[in-house]
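Below: one structure, written as structure tokens.
The values are calculated or read from the model by the stated rules, or taken from the named source; none is laboratory data. Worth saying up front: this structure is predicted, and the values here are computed from it rather than measured. For neighbour counting, all protein chains shown are included, and Cβ atoms are generated from backbone atoms with ideal geometry for every residue, glycine included. Just the protein is used for accessible areas: all its heavy atoms, side chains included, with ligands, DNA and RNA removed. Shrake-Rupley method; radii C 1.70, N 1.55, O 1.52, S 1.80 Å.
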Amino acid sequence: VYIDKASADAIDVDEQIFSAHVALTRERPEILGEYARIRHEPDSGGITTDTDAWYLQAAYRLPLPVDAFKPYARVERIAVDDDDPLFAPFGLDYRGFLAGVRYDFASLAALKLEYRDERFADDEEREKSLWAQASFAFGEH
């Protein structure tokens, strides 16, 4: 829980952020999820609005001899209230589905290949893309 005051374009709001997450990281399976709600209450007595954001991801480390690979899928959503005085002007609504595979080619290094199917704001068109990522960690394993 986080409580603060926020301002934009001469609008002051009381802001409350509530969030929670779950993580089952056993690798077989791995399940991750997070939910957040942001509430804006204008000081001027206007409409109270809520923005909800969440994701849910499931992954599974494959068994030997291909245990360096971990396929995964993820669903994401951001739903901004149309009356939100701070967030609505930015068109932050989002829906996404991601699927990919992670390849751990060393104890501190990995490659990911990911397919994304996303819809931004109120756009009816979905954007489809393929992403690649290399990651490295430094330090002792």
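General observations
- Residue list for the range 21-46, restricted to those being within 30 Å of V101 (Cα to Cα), open to solvent by less than 60 Å² (accessible area, probe 1.4 Å) and part of a strand (DSSP E or B): E30, L32, G33, A36
- For the range 126-141, a residue qualifies if it is of a type outside the set (S, T, N, Q), at pLDDT 90 or above and either open to solvent by less than 100 Å² (accessible area, probe 1.4 Å) or within 20 Å of the chain's Cα centre (by Cα) (or both), and the qualifying residues are R126, E127, K128, L130, W131, A132, A134, A137.
- Odd one out for P71, checked against (1) open to solvent by 60 Å² or more (accessible area, probe 1.4 Å); (2) in contact with a Gly (Cβ under 8 Å, 6 or more places away or on another chain): (1)
- Pairs meeting the criteria (first residue in the range 65-91 and over 25 Å from P29 (Cα atoms), second residue of a type in the set (F, W, Y) and open to solvent by less than 60 Å² (accessible area, probe 1.4 Å), beta carbons under 7 Å, at least 6 apart or on different chains) are I78/Y94; V80/F87.
- Which listed residue, of D104, D123, D117, is farther than 25 Å from E15 by Cα, out of contact with any strand residue (DSSP E or B) (no Cβ under 9 Å at 6 or more places or on another chain) and open to solvent by less than 80 Å² (accessible area, probe 1.4 Å): D123
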